[in-house]
C-alpha cells in the first residue's frame, strides 16, 4: 500500500512540475514572440515588463516576486 501511495505521489509531483514548466514557457514565449490569438508582442512585452519594475507600486512588487520565484 505504501508503494502505491508513493507511486501516485511521484506521478502527481511530475505532472505538476510539467505543468509549471509549460506555463512558464508560455509566459516567456508570449513576452518574446508574436503568438497567434493576439497574445504576445515582442517589443511591447519587454517594455511592459521593464515598466512593471520601474513603475513600482504593487504591480512592480508582484512582478518582482514572480520572477524571483523562477530563480529557484
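What is the number of the single condition among (1) at pLDDT 75 or above; (2) surrounded by 11 or more Cβ atoms within 10 Å (Cβ to Cβ) that residue 23 does not meet?
Against the list (1) at pLDDT 75 or above; (2) surrounded by 11 or more Cβ atoms within 10 Å (Cβ to Cβ), residue 23 comes up short only on (2).
Scan (1) at pLDDT below 75; (2) surrounded by 10 or more Cβ atoms within 10 Å (Cβ to Cβ); (3) in a helix (DSSP H, G or I) for the single condition residue 35 breaks and write down its number.
All conditions pass for residue 35, except number (3).
Could you list, in sequence order, all residues of the range 6-35 that are over 22 Å from residue 46 (Cα atoms) and within 16 Å of the chain's Cα centre (by Cα)? Explain how you work it out, then say what you get.
Taking the range 6-35 first, the residues over 22 Å from residue 46 (Cα atoms) are 6-19.
Result: 15, 16, 17, 18, 19.
In the range 50-65, which residue that is in contact with a helix residue (DSSP H, G or I) (Cβ under 9 Å, 6 or more places away or on another chain) and at pLDDT 70 or above is surrounded by the fewest Cβ atoms within 10 Å (Cβ to Cβ)? Spell out how you get there, then give the answer.
Going through the range 50-65, the residues in contact with a helix residue (DSSP H, G or I) (Cβ under 9 Å, 6 or more places away or on another chain) turn out to be 51-54, 59-60, 62-64.
Now drop any that are not at pLDDT 70 or above, which leaves 51, 53-54, 59-60, 62-64.
Details: 51: 12, 53: 13, 54: 8, 59: 12, 60: 14, 62: 11, 63: 17, 64: 13.
Residue satisfying both the conditions and the ranking: 54.
The values are calculated or read from the model by the stated rules, or taken from the named source; none is laboratory data. Note that the coordinates shown come from a computational prediction; the quantities given were computed from them, not determined experimentally. Reconstructed Cβ throughout: ideal geometry from the backbone, glycine too, with neighbour counts over all protein chains shown.
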